Each structure stands twice: as C-alpha cells, then as structure tokens.
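The values are calculated or read from the model by the stated rules, or taken from the named source; none is laboratory data. Predicted model, so just to flag it, every value in this text is computed and none were measured. With ideal geometry, Cβ positions are generated from the backbone for all residues, glycine too; neighbour counts draw on all protein chains shown. Just so you know, the surface numbers come from the protein's heavy atoms only, side chains and all, with ligands and any DNA or RNA stripped out. Shrake-Rupley method; radii C 1.70, N 1.55, O 1.52, S 1.80 Å.
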Amino acid sequence: MQVNGKDVAAGLIFIAIGTAFCVIAWTTLTMGTSSRMGPGYFPFIAGILVVVLGLFIIISGFGHETTPFGSVPWRGAILISLAPIVFGICIRGLGLGPTIALASMITCFASYKVGFVQALAITAVLTVFCLGVFHYGLGLPIQVFGPWLHV
Amino acid sequence: MELFSDLLLGLQTSLQPINIFYCFIGALLGTFIGVLPGIGPSATIAMLLPITFSLSPDSALIMLAGIYYGAQYGGSTTAILINLPGESAAAVTAIDGYQMARQGRGGPALAIAALGSFFAGTVATFVIALFAPPLTEMALKFGPAEYFSLIVLGLISSVALAHGSILKALAMVGVGLLLGSIGTDIYTGSMRFTLGLPELADGVNFVSIAVGVFGVSEILRNLEDERTREMVIQKITSLMPSRQDIRDSVGPVLRGTAVGSFLGILPGGGATLSSFASYTIERKISKTPHKFGKGAIQGVAGPEAANNAGAQTSFIPMLSLGIPSNAVMALMVGAMILQGIVPGPNVATQRPELFWGLITSMWVGNLMLVLLNLPLVGLWVRLLRIPYYMLFPAIITFSAIGIYSVNSNALDLYSISIFGILGYLLIKLGCEPAPLLLGFILGPMFEEQLRRAMILSHGDPSVFVTRPISGVLLLLAVVVLGLIVMPAIKKKREEVFVEDE
C-alpha cells in the first residue's frame, strides 16, 4: 500500500506537539470546570484538537503516492539558524559592533556563492550601516564594544 | 457629513510631515521588496516590527501599511519586465504583462498597472472609510459569546481560503493557539508551559515567531535553488498608453476594483486571491478570450486593480473588529499590541486620529507610489541585479538587532532559530505558516472570550448557539467548512491554487 511520507511526518509532528502540551497541562495546571475554566482547560482542549487533526492527516496520507521532499540547503539551514543564537550569546559580552560582524559573517557563508573576500566586504558594509542606523540613528542603548573587550 | 469630518481628521494626522515621511519610507521599502523576488511583505514587516517600537503608533502603522500596498506596485514591475512575480499577487500580471513587454509595450503595461492600482487604491480607501465604522459600531455591542463565534468564523474562513491541505491548515491554527497560551494565565496568574524559564512569563515573542516562520524559512527556501537567474530585462521605450489601451482598460479596472474590494474584506482574502479572481472574470467575459496570455492589456489592468484594492480592504476586519484576516494583518495587530494599543472596535472610538490617519494615509501613499513607480521605473529595474546573497545577511542581522532591542532578551533570539527550523520543516511537509501566526495572535483573545462567555452562562455551552448573532456566525463557519469539503468545490479550489504555485 502506498503511503505519503510527508503527510505521515507532518501528522506525527502535530501529534507530538499536541501531546506535549496536553501532558504538561494535565500534570502541572489546574483544569477547572466548564463554568470556571482553569489555566489548563483551553490548552488541553486545543492540544487534543491538534492530536486528532494529526491523526487525520496521517490517515489522509494512506493510498497516496509520496511527493518528493525536495533538496535541503544543509549548510544554509545550519549557518542561518546558528547566527541568531551566536548573536544572543555574544551581544551582552562583545557589544553591538563585533556581534553584528560575527552574525553577518556566519550568515554570508550560508550561500555557496560567497567567497571569503565577498563575505568580508558584505560584513564591513553591513556593520557600518547597522551601527549608523541603530546606534547613532535610533540611539539603541547597547554598547558598541562590550565588557569582554574592555581590558 | 460625518464621513468627511472623519476623513478630514485623518488627513490632519496623515499629512503631518513626520507621517508623510514614514508613509514615504513604507511605500519606498514596499516597492523595493516588491520588485525583488525572494522577499515578501510578511518577512519585511516582521523584520521591521521591532524598529517601529520607537516610533509613534500612527507613524508605525502608516509605514507598515505602506510596505504592504507598496509591494503590490513593485511586484508588478518585476512581473511585467522579467516574467518573474516579485510578489505572489503579481503572478497573474506576469502572464499578459510579460507578453506585452516582449511586444515592446512594456511601458504602457507598467503605466496601466500603476494607474489602475492608483484608481483601485483610491476607491478602496473610501470603501474602508464607509464600511469600517458600521462594523465597528456592531462589534461594540458584541458580548464574549459573539466574539468567540466571530473568531471561529474568522479562523475557519482564513483556512478555507488559504492554499494547501485544509487539515494541515487547521492543525497549524491549533499549534498557533497552543503557542499563544504559553506564558502567564490572565485569570489566575499561574505560569503555563514556561518550562521554568522566567523569560517566557510574557509568552513567546510574536516577532521571533514571525521572523522565524516567514523570514528564516523564506531564506532557506531560496537557498535550495541557488542557480543564477537568467534575466532578460525587456526594454521600455515609452510609458504612454495608447487611446485604445485606455479604452480597453477602463472596464477591467472597474471590475477588478469591485472584485478586489469585496474579496479583501473576507477572512483569508487579500491581494493574491483578488488578482486571480479578477483574471478569471476578465477572461470569461472577454469577447476575445484567445488574446489572453498573448499580451491582452485587460489581463494586466484587472488583476492589478484587484490586488491593490484587496490589499487595502483587508484592513477592514483588522481595524474594525481587531481580527486579522491574513498574515500581514496579523503582523499589523502585533504592531498595535507592541505599541500598547488593544486591537478591536475600541481603536476607532478611542483613537480616531490613529484610525482615520491610517485610512487616509493609504490614499496619500498610493499617490506617492504612482510618482515613485512610473518615472523611476528604470532605477527599480536596476535593483534586480542585486544578488540574493547580499540580501539575506542583512535580513538576519536587522531582525536580530531589532528583536533584541525590544526586550534585551537573548531567548527571543534563540526562538528565531527554533521557529525558523520548525517553520521550514513544516513548509517542506506542505503546511503553510500563515494559519499558525493567525492562531497565535488570536489565541489569547479566543481563550479569554471563551472563558468569559462560560462564566456568564454558568458553564452552559449552548449560549454560543442560542444567542442569535453568535449562532448565525457559528452557522456560517459550519457552512464554510461544509462547502470546502464538498467534492465539487474542493476540486475547483485545488484548480485555483495550482496556478498559485
């Protein structure tokens, strides 16, 4: 029997999310009654709904050919999701300037087409531009060079 | 005439130099991202939301609105000149517009597109001014049960009009509702799903989710296929449309405006749906349907008017009821909340200068867009040579700085990555991200109205059907849901959205 793998995968993700919320709601929150709903009531119902829809999505995938998932830009996915994390870790310590440069360098390499020199050029322009707009223009109260760089 | 005094009040706000400036910035940015394929208005507005935090509420909303309707103008330039829709609503324009450009009539196509859009924008501004106040009036009388049912109707119909699987869209709404419930419970103050993290007490940052599911996943989708675009940009000789062009366009523009104004109001409607509907109508009623697809000016004039009208009238439910009908409107609601304004019917009564200022600014913005787009078209075309790899580092850095500037909270930045990856994965599995965002933004209101209604009815759920307005709204939701699962309509719906890819 043919099964559409994408539908099954999507269904499983929804079931996982719905179940997680239901379990946490059931174990840590008060449910209350329908006339006085507690904090857990609404999320629990919504969680059940998501689980049920997930099941239906899996069922709807049976009897259908699977459609191609398509290529995934692995390098891009890793680097682009890394950039905000690095930004978050460094912003307090390194300050605005170096953090922008770091995040920009990381993102540039997400594309196979960018060489090292190009990345440096994009980063330099972007850093100057962002500092101009956010620090000098909008007056963002973040130090340009953070405490990690004060010797 | 109350309408005119209201419009006058609005003009006083929208014609302040500072607001003209931000309206211009919005229109400019909108044209820019509309022209560039690979970055849409949702991602741009999400990215700029945090920056608007430092502006006054009227300037912020005027600018963000400008980005949305500005993108409709810019999108048509790319569609006509290089056969690539810069924006999804312009996909239809590419069919006949590009053929016109190949025949050396690119200039008139651009001119008709811009003038048709301007006409539609002007009419739509009046439609908003006429329809938003009575809806507001009605909404002010709504109790919790009515509001609950209205949200159900809104969510269901936005799912019906979205493309892709209905089951998946509903599940995405559900996930949005769940994510929206993270944070402090409004009634008891207890922490929900915060996993012990104090940063989550105020809930997941809306901007992080929006940037993640629209910005990051859009970038990843573009990185899938990094081949160089072979771009043949058609030359423009003269912008002047001939007398015959104008005569041929009047009807389509009028009909497009009407279709767009109507479809824009519906939940889930807006620009894209309107332009497709208008093209279908024009081809049906044309005496020369064989000319469509081969450079018929009617196929440019109608859809262009329709998408601009639809983009603007989709503000009606957002402004009068506080209920966003598409992803861009959800972002506008987010911008209001960020500014400390509670979206809903009270905005019109308590902040009339903001309400009418935003409406009148759309007309001002449309005027600027005609001036920006027609004489400067050569400049915009040159922008198409910017390679994509120079854009996305800017998108990521801007978003990161902007999000951090609102709460100085590193967790908001980690959320961008989490929702970016989750959003991309779900998109790859055929789940559109817009319903998730709608569920997230409407979730807290939905739950509050449900709980209030149930307290008032002493736990009796029948209030939702026995109260007349609420009952009718729920009935409509059931009808909509019933219609889309009916085989004949299901098939038609799939046909419509296949072209949309």
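Among the residues of the range A:119-143, just one is more than 8 Å from chain B (Cβ to nearest Cβ), touching a residue at least 24 places away in the same chain (Cβ under 8 Å) and assigned to a loop (DSSP other than H, G, I, E, B), namely A:Gln143. The number of residues in the range B:19-62 that are in a loop (DSSP other than H, G, I, E, B) and of a type in the set (A, V, I, L, M) comes to 3.
Identify all residues within the range B:363-415 that are touching an Asp or Glu at 6+ places or on another chain (Cβ under 6 Å) and either at positive phi or among the hydrophobic types (A, V, I, L, M, F, W, C) (or both); write none if there are none. Result: B:Ile403, B:Leu411.
Here A:Leu102 meets the list (1) in a helix (DSSP H, G or I); (2) over 13 Å from the mean Cα position of the chain (by Cα); (3) facing chain B (nearest Cβ under 8 Å) almost entirely, failing just condition (3). On inspection, B:Gly97 qualifies as open to solvent by less than 10 Å² (accessible area, probe 1.4 Å), touching a residue at least 60 places away in the same chain (Cβ under 8 Å) and closer than 15 Å to B:Gly34 by Cβ. State whether the residues of the range A:43-54 include one that is facing chain B (nearest Cβ under 9 Å) and farther than 30 Å from B:Thr184 by Cα. Looking for residues that are facing chain B (nearest Cβ under 9 Å) and farther than 30 Å from B:Thr184 by Cα, one finds none in the range A:43-54, hence no.
Checked against (1) within 16 Å of the chain's Cα centre (by Cα); (2) free of Cβ contacts under 8 Å to residues at least 60 places away in the same chain, B:Gly322 passes all but a single condition, namely (2). Answer yes or no: is there a residue in the range B:32-54 that is over 22 Å from the mean Cα position of the chain (by Cα) and farther than 23 Å from B:Gly310 by Cβ. Yes. Quick check: anything in the range B:55-67 acidic (Asp, Glu), within 19 Å of the chain's Cα centre (by Cα) and more than 28 Å from B:Gly302 (Cβ to Cβ)? Taking every residue of the range B:55-67 in turn, at least one turns out to be acidic (Asp, Glu), within 19 Å of the chain's Cα centre (by Cα) and more than 28 Å from B:Gly302 (Cβ to Cβ). If you take the residues in the range A:21-42 that are assigned to a helix (DSSP H, G or I) and facing chain B (nearest Cβ under 9 Å), which one is farthest from B:Pro433 (Cα to Cα)? Looking at residues that are assigned to a helix (DSSP H, G or I) and facing chain B (nearest Cβ under 9 Å), I get A:Thr28. If you go through the range B:440-478 and keep only what is within 10 Å of B:Pro144 (Cα to Cα) and small (Gly, Ala, Ser), you end up with B:Ala453, B:Ser470. Out of B:Leu64, B:Leu48, one residue alone is open to solvent by less than 10 Å² (accessible area, probe 1.4 Å) and either out of contact with any Asp or Glu (no Cβ under 9 Å at 6 or more places or on another chain) or without any contact (Cβ under 8 Å) to a residue 40 or more places away in the chain (or both). It is B:Leu64. Pairs linking a residue in the range B:182-211 that is free of Cβ contacts under 8 Å to residues at least 12 places away in the same chain to a residue that is open to solvent by 20 Å² or more (accessible area, probe 1.4 Å), with Cβ atoms under 7 Å and 6 or more positions apart or on different chains, are B:Met191/B:Thr184; B:Met191/B:Ala201; B:Arg192/B:Ile182. Just to be sure before I move on: is B:Gly322 over 22 Å from B:Asp245 (Cα atoms), open to solvent by less than 30 Å² (accessible area, probe 1.4 Å) and not polar (S, T, N, Q) in the structure I sent? Yes: the conditions hold for B:Gly322. Taking the range B:371-394 as the range and being of a type in the set (A, V, I, L, M, F, W, C), within 23 Å of the chain's Cα centre (by Cα) and open to solvent by less than 20 Å² (accessible area, probe 1.4 Å) as the test, the residues that pass are B:Leu372, B:Trp380, B:Phe392. Taking the criterion of being within 8 Å of chain B (Cβ to nearest Cβ), over 19 Å from the mean Cα position of the chain (by Cα) and open to solvent by less than 20 Å² (accessible area, probe 1.4 Å), the only residue of the range A:83-99 that qualifies is A:Leu96. Taken over the range B:142-164, the criterion of being within 12 Å of chain A (Cβ to nearest Cβ) and farther than 14 Å from B:Leu481 by Cα is satisfied by B:Phe148, B:Gly164.
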